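First the structure, in the form of structure tokens, and then the observations on it.
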Amino acid sequence: MKKSWIFLCVVLLLILSACSGKENSGTAEIPEDSEEEKVTLNGFGVKAPAATTDWDEMPFLDELAENVNAEIKWTNATPQTQQEQINLMFASDDLPDFFYSAWSLGGNDIVKYGANGQLIALEDLIDEHAPNLKVILDQRPDIKQMITAPDGHIYSIPQFIEDKASQSNDAFFINKKWLDELDLSIPETTDEFVEVLKAFKEKDLNGNGKNDEIPFSFMYSNAIRGPHSLSGSFGVVGRNIGVKDGKVYYAPVQPEYKEYVKWMHELYAEGLIDQEAFTHDTSVYDSKIKSKTPIFGAYFSWSKWSDFGTLDSEYVAIPPLKGPDGDQMWNRNAGTFSVSGFSITSANANPVRTIKWVDQMFDPVIAIQISSGPIGENLKEEDDGTYSIIEAPEGTSFEEFRHKNTPGSYGVFIQLADSEIKVNQSPGQKEKESYAEMYAPYQPEEIYPNVLYSAEDAERLSILATDIDGYISEMIPKFIIEGNVDAGWDGYIEQLDKMGLNELLEMHQKYYDNFKDGE
């Protein structure tokens, strides 16, 4: 009888356990954790493209683990392999203890796997065991709002860099040497720009005896290298979604955008735009920029430092062009923000130790080292309390050197603009910030915020955006190359309406309104 009773109890417990499933209520008790016992944690991280060192070979990360009496066994992926590996881990439920790296889990993944319990809610852990992060989120409720899922839980801690430079991705360059040779001024209007490009086309300005000058080039599919801010000269900015007077809009369907497209076609028809502007990839485009004999009259990129490794070049960055109706605008970004960064999985038996480990990275001094490398190796502490970046050894690029000792650009940290810890800017950083300051007066005050969507809405938005953005990416280049904008525009808008553009805008408007209400 006693054995039968025990057997029934075991069966009942198994049934209750099975019925509980993986649903994540966010209210599960946090297990006790004694740091006297060393624990082993399995971490999955994505290395930056420039990284040559695996994370289990970084003494800096080992030291942070030792601080909480832990050992971390890392599995590293690359940006090329990460998605397949991540999908397989979740599908098989063969999960690491935690995911660590920016630009890895997408917002939709975070909400989906948080809702089904494979990622655990972090807000209670943060409140009780992550003092550095708690201070930041208490001081900056806007950040907390951006990482809170619609169900009210936090499933991922972000990377966030708050600086001027990251709010202006693209910069517009023109060949100042060619202008001087033609005795022309820097163009200030769209009409003047056209005249300059025509002058560039007609002369052998690089002096090589070849007709290889390309008046204007860009990489259309790229946010940084694309010409997208030029639509601001016609009264609208944004590659797709934007906000004006509290209303969400899609830029490529606005009447002002149509005028921009017509103007771009005029440039193309005149032979002023690179014939490969819609097809070349990053390596080809960048090799054209770096051509020993300059071939570009004007182009878009991040900075001269990133292109040439020096500020000494023939090119200068110029302000937005003033359009036919006096419009002069420039695209604005929200800053460097990756909602994916750090997440704890349901496989983790030591969540307290794990959150304590990552909380160290939200100490401002450790944050700059995660980003730029350790003090003494990549950073030098100056007498005034600031830090300077140590130059990379000869034969090693800055990005390789930066990612040798810490996760760098794929690390998890928050750097706020008002931080007392200052890293002295490199020449390239100073250059980029000067461009950001130049473009700031022309950027919109309102932009669409970083938000997390519900799993259901995220799935629907993904379907809508795939069709809509795909069609726009096909049609806008076609209009610029072939023309017939007036004749084809109504049909283009009608097709987007059929694809569900209004539904997409309504959903974005709902999340924008919810975000503003929560401020």
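The values are calculated or read from the model by the stated rules, or taken from the named source; none is laboratory data. As the structure is a computational prediction, the values presented were derived from the model and not from experiment. Note: ideal-geometry Cβ built from the backbone for every residue, glycine included; neighbour counts use all protein chains shown. Remember, those area values only see protein heavy atoms, side chains included, never the ligands or the DNA or RNA. Shrake-Rupley method; radii C 1.70, N 1.55, O 1.52, S 1.80 Å.
Some notes on this structure:
- Test: residue 512 is of a type in the set (Ser, Thr, Tyr) and in contact (Cβ under 8 Å) with a residue 40 or more places away in the chain: yes
- Filter result (touching a helix residue (DSSP H, G or I) at 6+ places or on another chain (Cβ under 7 Å) and among the small types (Gly, Ala, Ser)) within segment 350-384: 367, 371, 372, 373
- One residue alone among 159, 167 is within 30 Å of residue 227 (Cα to Cα), of a type in the set (S, T, N, Q), under 18 Å from the mean Cα position of the chain (by Cα) and at pLDDT 95 or above, and that residue is 159.
- Matching residues in segment 166-182 - criterion: being outside any loop (DSSP other than H, G, I, E, B) and either touching a Phe, Trp or Tyr at 6+ places or on another chain (Cβ under 8 Å) or charged (D, E, K, R) (or both): 171, 172, 173, 174, 175, 176, 177, 178, 180, 181
Yes/no per residue for (1) assigned to a helix (DSSP H, G or I); (2) touching a His at 6+ places or on another chain (Cβ under 7 Å); (3) surrounded by fewer than 18 Cβ atoms within 10 Å (Cβ to Cβ); (4) among the basic types (Lys, Arg):
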site	(1), (2), (3), (4)
437	yes, no, yes, no
452	no, no, no, no
462	yes, no, yes, no
474	yes, no, yes, no
487	yes, no, yes, no
490	yes, no, yes, no
496	yes, no, no, no
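- Here the condition is being small (Gly, Ala, Ser) and in contact with a Leu (Cβ under 6 Å, 6 or more places away or on another chain); of 70, 115, it holds for 70 alone.
- Per-region count, segment 402-451, residues within 17 Å of the chain's Cα centre (by Cα), within 20 Å of residue 158 (Cβ to Cβ) and hydrophobic (A, V, I, L, M, F, W, C): 6
- Scanning segment 184-216 for residues that are open to solvent by 50 Å² or more (accessible area, probe 1.4 Å) and assigned to a helix (DSSP H, G or I) returns 191, 192, 195, 198, 201, 202.
- Condition met for residue 389 (more than 17 Å from residue 102 (Cα to Cα), without any contact (Cβ under 8 Å) to a residue 24 or more places away in the chain and of a type outside the set (D, E, K, R)): no
- Residue within segment 291-302 that is open to solvent by less than 30 Å² (accessible area, probe 1.4 Å), within 22 Å of residue 204 (Cβ to Cβ), among the β-branched types (Val, Ile, Thr) and in a loop (DSSP other than H, G, I, E, B) present: yes
- Identity of the residue in segment 304-334, within 18 Å of residue 186 (Cα to Cα) and among the hydroxyl-bearing types (Ser, Thr, Tyr), that ends up most open to solvent (accessible area, probe 1.4 Å): 313
- Flag for residue 300 being in contact with a Lys or Arg (Cβ under 7 Å, 6 or more places away or on another chain) and modelled with pLDDT of 95 or more: yes
- From the list 74, 103, the one residue that fits, being part of a strand (DSSP E or B) and either open to solvent by 10 Å² or more (accessible area, probe 1.4 Å) or without any contact (Cβ under 8 Å) to a residue 24 or more places away in the chain (or both), is 74.
- Residue list for segment 127-154, restricted to those being surrounded by 13 or more Cβ atoms within 10 Å (Cβ to Cβ) and not in a helix (DSSP H, G or I): 130, 140, 148, 149, 150, 151, 153, 154
- Candidates are the residues of segment 361-392 that are surrounded by fewer than 20 Cβ atoms within 10 Å (Cβ to Cβ) and assigned to a helix (DSSP H, G or I); the one that is farthest from the chain's Cα centre (by Cα) is 365.
- Inter-residue pairs, beta-carbon under 9 Å, first hydrophobic (A, V, I, L, M, F, W, C) and in segment 244-263, second part of a loop (DSSP other than H, G, I, E, B) and surrounded by fewer than 19 Cβ atoms within 10 Å (Cβ to Cβ), 6+ apart: 248/448; 251/239; 251/240; 263/324
- Restricting segment 44-71 to residues that are in a loop (DSSP other than H, G, I, E, B) and among the aliphatic types (A, V, I, L, M), the residue that is nearest to residue 354 (Cα to Cα): 68
- Filter pass, residue 110 being among the β-branched types (Val, Ile, Thr), open to solvent by 10 Å² or more (accessible area, probe 1.4 Å) and closer than 22 Å to residue 154 by Cβ: no
- Within segment 217-258, the only residue that satisfies the criterion of being in a helix (DSSP H, G or I), in contact with a Gly (Cβ under 8 Å, 6 or more places away or on another chain) and open to solvent by 30 Å² or more (accessible area, probe 1.4 Å) is 256.
- Filtered residues of segment 335-348 (kept if among the β-branched types (Val, Ile, Thr) and open to solvent by 10 Å² or more (accessible area, probe 1.4 Å)): 336, 339
- Every test in (1) open to solvent by 10 Å² or more (accessible area, probe 1.4 Å); (2) in contact with a helix residue (DSSP H, G or I) (Cβ under 9 Å, 6 or more places away or on another chain); (3) over 30 Å from residue 58 (Cα atoms) is passed by residue 181 save one, and that test is (2).
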